[in-house]
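Take a look at the structure set out below.
Read-outs: derived from the displayed coordinates by stated rules, not from any lab. Bear in mind the structure is a predicted one, so any value in this text is a computation, not a measurement. Please note: Cβ atoms are built from the backbone with ideal geometry, for glycine as well, and neighbour counts cover all protein chains shown.
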Amino acid sequence: MDKADLERVARAMVAKDKGILAADESTGTIKKRFDAIKLESTEEQRRTYREMLFTTPGIGQWISGVILYDETLRQNTRDGTPFAKYLDAAGVLPGIKVDMGAKALAGFPGDTITEGLDGLRERLAGYYQLGARFAKWRAVIDIAEDVPSRFSIEANAHALARYAALCQEQQIVPIVEPEVLMDGGHSIERCEEVTSAVLDAVFSQLHHHRIHLEGMVLKPNMVISGKKAPNRASPEQVAEATVRTLRRHVPPAVPGIAFLSGGQSSSEATLHLSLMNKLAPLPWNLTFSYGRALQETAIKAWGGKPASFAAGQKEFAKRARLNSLATTGRYAAAQEAEAA
């Protein structure tokens, strides 16, 4: 393991003014996105859509890395340049989603466990050869009555740590993503309680698995009320609770934290990130690793129409710029209209 190289890549992933684009939707998930714009999900349409995002002029100013799906990592631009090679030339690190999704955890109703460890060492070696320099594995923790169980938290933490160890062995920076879902009607206090337990378990397992913390990136949820909560916490409360929880449970050796948006609206996710970055000083860089919150307006503007290719890029660039501002606490809601 070349620790210095892992650290270099991890620091570049969470550099100030930049964040990570999550473009790793599975074939099933992107079909749902395409269904919403009445577009058939063919391999060529998926390739064209990803090319629209990746070839946005100036992408390297705001985006440090892109998480790709297996199919996408093997695809090319229209002129035949592999996406990984194109992104690297644009100053954007190529990454890869390697988990096989969350499945029901046998014996624990309501809990899930993420699968994909079998054969992962060999897959990672192949992905490195294809140009991937970081990877992502998502654990899913729901909140409901009697959920999550302590066992499911520990099982997912153990899987995340095994994945991270295999990544670092193959000279790939692991994004460790323990997502506490914001579905349901739970309070922000309940989210903080569960998120704290999850982060404790995750970093305990990372320690046991001898993970080089300086060579990884954490991708957590924000501490936020459930979508169906009757009295949802304010943006300021979300920022304060999230930073408080991270300060208590995330070692300062971790170079950066790239939040998932987790079902928040595009502007909500940007505002929360900006408010957190105003609570300086912080021991790690706080940035974004958004999927839908970066892509939602872009895919609607594009709509699968060749004539709207540039319009989709314009919308993507707008959201990337606004989130770039949020990484240093310079975003304000009024800029949504100004950036249009």
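Counting only Cα atoms, I'd like the Rg/Rh figure for the chain, Kirkwood definition for Rh. Each step should come with its number before you reach the end.
On the way: Rg = 18.8 Å, Rh = 20.0 Å.
The Rg/Rh ratio comes out at 0.94.
Taking 30 Å as the cut-off for C-alpha to C-alpha distance, list the pairs among Lys278/Lys305; Lys219/Lys300; Lys85/Lys227; Lys3/Lys314 that go past it. Don't skip to the end; give the middle numbers.
Working: Lys278/Lys305 40 Å; Lys219/Lys300 26 Å; Lys85/Lys227 39 Å; Lys3/Lys314 38 Å.
Among Lys278/Lys305; Lys219/Lys300; Lys85/Lys227; Lys3/Lys314, the Cα-Cα distance tops 30 Å for Lys278/Lys305; Lys85/Lys227; Lys3/Lys314.
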Report task. Mind putting a number on the dipole of segment 173-272 about its Cα centre? Charges go on the C-beta only, +1 for Lys and Arg and -1 for Asp and Glu, and I need it in Debye to the nearest 20. Result -> 40
**Report entry** Net length gained if the chain between Val147 and Ala332 were fully extended (0.36 nm per residue, minus Cα distance)
**Finding:** 63.0 nm
Report task. Divide by every residue of the chain the summed helix terms, -39500 (n - 2.57) for each DSSP H run of at least 4, and state the resulting mean residue ellipticity at 222 nm, rounded to the nearest 500 deg cm²/dmol. Result -> -14500 deg cm²/dmol
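Which of the DSSP-defined H helices in the chain satisfy a minimum axial length of 27 Å, computed from C-alpha atoms, and a minimum mean Kyte-Doolittle hydropathy of -1.0?
Values: long enough: 150-169 (29 Å, 0.00); 188-208 (30 Å, 0.14).
Both cut-offs are met by 150-169, 188-208.
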Query - Thr29-His208 pseudo-label distance in nm [points 7 Å out on the Cα-to-Cβ vector] - result: 2.8
Query raised in the report: Relative contact order for the chain: what is it in percent, counting Cα pairs under 8 Å that are at least 6 residues apart?
Result: 19
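Do any GluC sites (Glu not before Pro) in segment 1-99 lie in a DSSP loop with no more than 12 other beta carbon atoms within 10 Å, and if so, which?
On the way: sites: Glu7, Glu25, Glu40, Glu43, Glu44, Glu51, Glu71; in loops: Glu25, Glu40.
Passing sites in segment 1-99 are Glu40.
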Report summary line: With the dipole of segment 3-338 defined by +1 on each Lys or Arg Cβ and -1 on each Asp or Glu Cβ, the option from Ser274, Asn221, Ala317 whose Cα lies farthest towards the positive pole is Ala317
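Report the per residue volume, in Å³, of the convex hull enclosing the C-alpha atoms of segment 198-340. Mind dumping the intermediate values first?
Numbers: hull volume 18.8 nm³, N = 143.
Output value, Cα hull per residue: 132 Å³.
Starting with the fewest neighbours, write out Lys305, Lys97 ranked by other beta-carbon atoms found within 10 Å of each beta-carbon. Walk me through the numbers before you get to the answer.
Working: Lys305 12, Lys97 26.
By the 10 Å Cβ count, ascending: Lys305, Lys97.
I need the peptides 210-217, 75-82 ranked by packing, meaning the mean over residues of other C-beta atoms within 10 angstrom, with the highest value on top. The partial results should precede the final answer.
Values: 210-217: 20.6, 75-82: 12.4.
Descending packing order for the listed peptides: 210-217, 75-82.
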Query raised in the report: For the chain, modelled as a GNM with alpha-carbon contacts under 10 angstrom, which of Asp88, Asp200, Asp35 fluctuates the most?
Result: Asp35
